[in-house]
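Report on the structure given below.
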Amino acid sequence: MPFNGLRVLAFESRRSTEIAELIRRQGGQPFVAPSVREVPLAESNDTFEFAERLFRGEFDMVILMTGVGTRQLNRVLASRYPEYALREALAKITVVARGPKPVAALREMGLTPAMTAPEPNTWHEVLAITEGRPERRIAVQEYGRSNPELAAALRARGAEVTPVRIYQYGLPEDTAPLREAARRLAQGEADVVIFTTAVQIEHLAHVARETGIEEAVLAGLRRCRVCSIGPTTTEALEQFGIHPDLEPSHPKMGLLVHEAAALARG
């Protein structure tokens, strides 16, 4: 078996059971520590203000960065406006999807985006596919964190950019598995580590810092084979001095585990 009994840490939250099974199928010993919780913003005033402007025709383009955010936006607006209001407003303007997840969320609403960013589905690809477009009044549905680089690049083209933040990233309600993962890394009890989103390394470092073992955890990571789902996650890891050994040929979780196993075997 490719992992051949190696100890594999992962930090996936929504699909934690699935990634553990994928690791087992490849012969690894999984320990999955959910590291992220998507927390809806307590105040939705900015979201409703965006909706009013959208319904008045004040945007030419909406960029949807995540499927979760697209669905949450629809749910929040449906609490005040007719269920079809967002769908009808988006149908009148240019909609850009960062990748397959917002495309799927749009499909549930009966919509198809005008443009979809290709792999690896980062903001760089969003910027590339919108190059030369005439739209100048642009709303960007943000995910758990702001993306000042994308906003700045769009503004540099002369666009008026309105960020629309629907939710934020928080630590999981139960941080015990994440703390245990930190302990294992600090003690050298892991061989392969898999990161599937950028915020995972930040939350891992946060809990390690709280217990006084951050440097030991980062040193432990440098001794492991570190595998990253894609460029945005790699960039976040590099900010902590961690240089991944692998990005998969396509940014898919199953392929990431498969290619991580092949790397470990090699």
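The values are calculated or read from the model by the stated rules, or taken from the named source; none is laboratory data. The structure displayed is predicted, hence computed values, not measured ones. Heads up, the Cβs are rebuilt from the backbone with ideal geometry, glycines too, and the neighbour counts pull from every protein chain shown. Quick note on the areas: whole protein, heavy atoms, side chains included, nothing else; ligands and nucleic acids left out. Shrake-Rupley method; radii C 1.70, N 1.55, O 1.52, S 1.80 Å.
Would you mind telling me which residue in Arg145, Arg56, Arg222 has the biggest mean-square fluctuation in a Gaussian network model of the chain, where springs connect alpha carbons within a distance under 10 angstrom?
For the chain, modelled as a Gaussian network with Cα springs under 10 Å, the answer is Arg56.
Which chymotrypsin sites (Phe, Trp or Tyr not before Pro) in segment 1-86 pass both tests, a DSSP loop state and at most 12 other beta-carbon atoms within 10 Å?
Numbers: sites: Phe3, Phe11, Phe31, Phe48, Phe50, Phe55, Phe59, Tyr84; in loops: Phe3, Phe11, Phe59, Tyr84.
Passing both the DSSP loop test and the Cβ count: Tyr84.
If R0 is 45 Å, what FRET efficiency do you get for Arg222 and Ala104 from their C-beta distance, rounded to 0.05? Could you put the intermediate results ahead of the total?
On the way: r = 37 Å, r/R0 = 0.81.
The calculated FRET efficiency here is 0.80.
State the Cα centre-to-centre distance between segment 99-125 and segment 146-163 in whole Å.
So the separation of the two Cα centres works out to 19 Å.
Tell me, how many Å apart are the Cα centres for segment 215-236 and for segment 8-23?
16 Å
Just to confirm the number: angle between the C-alpha axis of helix 45-55 and the first principal axis of the chain, 0 to 90 degrees, nearest 10?
50 degrees
Can you tell me, using C-alpha contacts under 8 Å and at least 6 residues apart, the relative contact order of the chain as a whole percent?
Working: 493 pairs, mean separation 58.5, N = 266.
That works out to 22 percent.
Quick one: what do you get for segment 22-88 if you divide its Cα Rg by 2.2 N^0.38 Å?
1.66
Considering only DSSP beta bridges where both residues belong to the chain, give the percentage that are antiparallel (nearest 5).
On the way: 4 of 32 bridges.
Given both bridge residues lie in the chain, the antiparallel proportion sits at roughly 10 percent.
Quick one: angle between helix 253-265 and the longest Cα principal axis of the chain, in degrees between 0 and 90, rounded to 10, please.
Tilt relative to the chain: about 30 degrees.
Could you tell me what percent of the accessible area of segment 134-266 is made up of carbon and sulfur, with a 1.4 Å probe and every protein chain present?
Details: 2810 of 5790 Å².
Carbon with sulfur: 49 percent of the solvent-accessible area.
Out of the total accessible area of segment 1-99 (probe 1.4 Å, heavy atoms of protein only), what percent is carbon and sulfur? Before the final figure, lay out each step's value.
Numbers: 2140 of 4810 Å².
Exposed carbon and sulfur together represent 44 percent of the surface.
May I ask you to give the solvent-accessible area per residue for the chain, in square angstrom, as obtained with a 1.4 angstrom probe? Mind dumping the intermediate values first?
Values: 12390 Å² over 266 residues.
Averaged over the residues of the chain, the accessible area is 47 Å².
Provide Rg over Rh for the chain; use the alpha carbon set for both Rg and the Kirkwood Rh (inverse mean inverse pair distance).
Working: Rg = 19.9 Å, Rh = 19.6 Å.
Reported Rg/Rh (Cα atoms, Kirkwood Rh): 1.01.
Report the full-extension gain for the segment Ala114 to His206: residue separation times 0.36 nm, less the Cα-Cα distance, to one decimal in nm.
On the way: separation 92, 0.36 × 92 = 33.12 nm, distance 3.91 nm.
Stretched out fully, the Ala114 to His206 stretch lengthens by 29.2 nm.
Calculate the spin-label point distance for Arg53 paired with Glu235, positioning each point 7 Å from the Cα along the beta-carbon direction, and give it in nanometres.
2.3 nm
In nm, what is the difference between 0.36 nm times the number of residues separating Glu215 and Ser79 and their Cα-Cα distance?
Values: separation 136, 0.36 × 136 = 48.96 nm, distance 4.58 nm.
Here the segment from Glu215 to Ser79 would lengthen by 44.4 nm.
Which FRET efficiency, nearest 0.05, do Gln187 and Arg15 yield, Cβ-Cβ r, R0 41 Å? It would help to have the intermediate numbers written out before the result.
Working: r = 27 Å, r/R0 = 0.65.
Computed FRET efficiency for Gln187 and Arg15: 0.95.
Do any trypsin sites (Lys or Arg not before Pro) in segment 70-135 lie in a DSSP loop with no more than 13 other beta carbon atoms within 10 Å, and if so, which? Walk me through the numbers on the way to the answer.
Working: sites: Arg71, Arg75, Arg80, Arg87, Lys92, Arg98, Arg107; in loops: Arg80, Lys92, Arg98.
Qualifying residues, ordered by number: Arg80, Lys92.
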